1. 222 nm [θ] for the chain, helices only, -39500 (n - 2.57) per DSSP H run of 4+, per residue, to 500?
2. Using the crude model of +1 on Lys and Arg Cβ and -1 on Asp and Glu Cβ, and no other charge, please compute the dipole size for the chain relative to its Cα centre, in debye to 20.
3. Extension gain Thr126-Ile91, at 0.36 nm per residue separation less the Cα-Cα distance, in nm?
4. Which value in nm describes the separation of the simple spin-label points at Trp10 and Val25, placed 7 Å from the Cα toward the beta carbon?
5. Would you mind telling me which residue in Val11, Val73, Val57 has the biggest mean-square fluctuation in a Gaussian network model of the chain, where springs connect alpha carbons within a distance under 10 angstrom?
6. Given points 7 Å out from each Cα along the Cα-Cβ axis, report the Leu38 to Ala110 separation in nanometres with one decimal.
7. Taking +1 at the Cβ of each Lys and Arg and -1 at the Cβ of each Asp and Glu, which of Cys51, Tyr37, Val7 sits farthest along the dipole of the range 1-58 towards its positive end, judged by Cα position relative to the Cα centre?
8. Of the peptides 77-86, 106-115, how do they stack up when ordered by the mean number of other Cβ atoms within 10 Å, highest first?
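The numbers here are math on the coordinates, done by the rules we state, and not lab data. The shown structure was predicted, so the numbers you read here are calculated from the model rather than taken from an experiment. Here Cβ is always computed from backbone atoms with ideal geometry, including for glycine, and neighbour counts include all displayed protein chains.
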Amino acid sequence: MRWVKLVLKWVMGVFYVVAGTMHFVRPEFYLRIMPEYLPYHRELVFLSGVCEVVLGVLVLVPRFTKWAAWGIVALLIAVFPANVNMAVNRIVPPGAPDLSPLAQQILLWARLPLQGLLVAWAWWYTQDDGIVREGQP
């Protein structure tokens with residue numbers, strides 16, 4: 001099980017680095033899903049991108065894994081309103097398959113529980129796995 005957790009940690013780290021980089025490569029998508037009530041849309045898109053990249057790297061460093069995982073949990077909670085806004089306002093991601101409006105709406109709403117799975121995945125790395133590390137009693 002330890003090797004599965006290690007492999008999935010690397011998958012998660014790479015996922016957040018790539019996702020965060022996309023905030024700079026394609027900011028227009030993230031700008032479209034920002035809730036109207038939030039100020040400084042562009043700055044928040046770039047800030048969340050920086051956070052994703054930094055946390056994605058830090059989760060891979062054993063010394064910082066636990067704190068980075070808590071940061072990812074907090075970030076996922078912070079960006080959840082954008083995902084709700086996306087579903088409520090039927091904002092379809094660029095490059096999405098051409099589906100019926102009903103199918104698109106179902107997929108947009110299905111993304112919301114997926115956020116909970118991402119939180120649970122990050123939370124897994126906040127837990128002490130009981131492994132004694134070098135230099136620790």
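1. -24500 deg cm²/dmol
2. The dipole of the chain has a size of about 200 debye.
3. 9.3 nm
4. 2.1 nm
5. Val11
6. 2.5 nm
7. Val7
8. 77-86, 106-115
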